[in-house]
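What follows is a set of notes on a single structure, which appears directly below.
The values are calculated or read from the model by the stated rules, or taken from the named source; none is laboratory data. In this text, all values refer to a predicted model and were calculated from it rather than measured experimentally. Every residue, glycine among them, receives a Cβ derived from its backbone with ideal geometry; neighbour counts consider all protein chains shown.
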C-alpha cells in the first residue's frame, strides 16, 4: 500500500482522534458532575496533576489532528488552484502548530 | 396531471427552461413513465431515455420532485403536483432529460468490473459455496442507473476523481467475490485521497437507490478491509 496511504491514514486519524476526544469529554463531565472542584486552587491542582495534564495534552493533540483532517478535506473540495491550496494548507498547519505550542506552554507553565 | 419539465436543446436554446404540461390521467397510467410516454405523443420534441420500463435497465433515471429515481417504477399516485422533472443533477445535459454518462462509466471501468483470476480454469466452472455467493447479495443487483452518484455531494465536488457510490458498490462486489484473485490490487487502487476517501458518509446514495441497495455500507466495508490489510 505504498502508493498513497494518505486516504486511509487520514480517515483513521479522524476516527481515532474522535474517540480520544469523546473519552476525555466524558471523563471531564463525570469528574465535574460527581467530584466538582470547590475552588480555583482545587481545579488548578486537578488539571495540573500528571494524569490529567497528560490526558489534556492528548485531547488537544487529538483535537488538532481532527481539525487538520477535517479542514484539509474542505480545502481539497473547494480550493482548486494548486498554489492557493498549498498556501491555505500551510497557513492552516501553522495555525494548528501555534495552538499546539500554546496548549503545551499553558500545561508546562501551569505546573511551575 | 400537471408536470413541469426541464427543457434544453443545445442547437436551439441559449439556456435551459422549465416547460409546463398538463395531461389527463388514464386508467393505465400507473407509473410516471406511462404518463411521459403519452406526453411524448403530444410533444415529440421532448427527449428522455427509457428501455425496459420495469426498473431493470436504469435508463430512465431522472430527478423527480427533487429526488433521483426511475420514472418507470415511480407510481403517479404518490407524486406531488406539479411534478417537477429534471435531468440527473451534476451530469452534463445532452438534451432535455438525457444526460452524458461518459464520466460515470469511466469510473465504473476504472474499478475493473470483471473477475480477475489467472488460476488455470477448471473443467466446468469456478464454483462458489452458498455462503460465498450470499456475500454478493445487495451488490450484484446494481443496475448502474446513476441515481446514487448523481445525488452524492462528494461526487458533485470531485466528479472527475471520486469514483462515486455506484462504482464503489461495484468495486466491493468484486473485492468480496471468492472467485476473484485481485483483492489486494483492488484495495490498493482505491486507497487514495480521492477515489474512495472523498466519501463523507452523507448516505444520499443509500437513501435514493431505486433498487434498495446500500452503497454506503459497501464503502464502509471496503474501508474496514483496508484497515485490516494495513494492520
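Would you mind finding the one in A:51, A:7 that is free of Cβ contacts under 8 Å to residues at least 40 places away in the same chain and within 30 Å of residue B:224 (Cα to Cα)?
Numbers: A:51 fails: within 30 Å of residue B:224 (Cα to Cα).
The unique qualifying residue is A:7.
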Taking the stretch A:58-84 and keeping only residues that are more than 17 Å from the chain's Cα centre (by Cα), within 14 Å of chain B (Cβ to nearest Cβ) and either in contact (Cβ under 8 Å) with a residue 24 or more places away in the chain or part of a loop (DSSP other than H, G, I, E, B) (or both), one is left with A:79, A:80
Reported set for the stretch B:152-161 where residues are surrounded by fewer than 24 Cβ atoms within 10 Å (Cβ to Cβ) and part of a loop (DSSP other than H, G, I, E, B) is B:158, B:159, B:160, B:161
Taking the criterion of being farther than 30 Å from residue B:162 by Cα, surrounded by 14 or more Cβ atoms within 10 Å (Cβ to Cβ) and touching a helix residue (DSSP H, G or I) at 6+ places or on another chain (Cβ under 6 Å), would at least one residue in the stretch A:64-78 satisfy it? no
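Counting only residues that are under 13 Å from the mean Cα position of the chain (by Cα) and at pLDDT 95 or above, give me the strands (runs of 3 or more DSSP E) lying completely in the stretch B:1-112 with at least 1 of them. It would help to see each step written out before you state the result.
Values: elements: B:2-7, B:17-22, B:61-64, B:67-70, B:83-86, B:93-95.
It comes to B:61-64, B:67-70.
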Only one of A:55, A:87, A:100 that is assigned to a helix (DSSP H, G or I), modelled with pLDDT of 95 or more and away from chain B (no Cβ under 14 Å): A:87
Tell me, yes or no, whether the stretch B:1-12 has at least one residue that is loosely packed, with under 10 Cβ neighbours inside 10 Å and within 16 Å of residue B:81 (Cβ to Cβ). no
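Away from every other protein chain (no Cβ under 12 Å), touching a residue at least 12 places away in the same chain (Cβ under 8 Å) and crowded, with 21+ Cβ neighbours inside 10 Å, is that true of residue B:199?
Values: away from every other protein chain (no Cβ under 12 Å): no; touching a residue at least 12 places away in the same chain (Cβ under 8 Å): yes; crowded, with 21+ Cβ neighbours inside 10 Å: yes.
The answer is no for residue B:199.
For the stretch A:8-19, enumerate the residues that are more than 12 Å from every other protein chain (Cβ to nearest Cβ) and either surrounded by fewer than 18 Cβ atoms within 10 Å (Cβ to Cβ) or out of contact with any helix residue (DSSP H, G or I) (no Cβ under 9 Å at 6 or more places or on another chain) (or both).
A:18, A:19
Can you tell me which residue in the stretch B:202-211 is nearest to the other protein chains (Cβ to nearest Cβ), limited to those that are surrounded by fewer than 24 Cβ atoms within 10 Å (Cβ to Cβ) and part of a loop (DSSP other than H, G, I, E, B)? Spell out how you get there, then give the answer.
Applying the first criterion (surrounded by fewer than 24 Cβ atoms within 10 Å (Cβ to Cβ)) to the stretch B:202-211 yields B:202-204, B:206-208, B:210-211.
Next, from what is left, pick out any that are part of a loop (DSSP other than H, G, I, E, B): B:202-203, B:210-211.
Values: B:202: 12, B:203: 16, B:210: 27, B:211: 27 Å.
In this case the residue turns out to be B:202.
Out of B:137, B:132, B:119, which single residue is out of contact with any helix residue (DSSP H, G or I) (no Cβ under 9 Å at 6 or more places or on another chain), away from chain A (no Cβ under 14 Å) and not in a loop (DSSP other than H, G, I, E, B)?
On the way: B:137 fails: not in a loop (DSSP other than H, G, I, E, B); B:119 fails: not in a loop (DSSP other than H, G, I, E, B).
Sole residue among the options that is out of contact with any helix residue (DSSP H, G or I) (no Cβ under 9 Å at 6 or more places or on another chain), away from chain A (no Cβ under 14 Å) and not in a loop (DSSP other than H, G, I, E, B): B:132.
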Please verify whether residue B:214 is modelled with pLDDT of 95 or more, in contact with a helix residue (DSSP H, G or I) (Cβ under 7 Å, 6 or more places away or on another chain), buried (at least 23 other Cβ atoms within 10 Å of the Cβ) and more than 14 Å from chain A (Cβ to nearest Cβ), treating the condition exactly as stated. no
Within the stretch B:194-203, is even one residue at pLDDT 95 or above and over 25 Å from residue A:76 (Cα atoms)? no
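For the stretch B:172-196, enumerate the residues that are assigned to a helix (DSSP H, G or I) and within 14 Å of chain A (Cβ to nearest Cβ).
Initial filter on the stretch B:172-196 (assigned to a helix (DSSP H, G or I)): B:172-175, B:183-190.
Residues satisfying the conditions are B:183, B:184, B:185, B:186, B:187, B:188, B:189, B:190.
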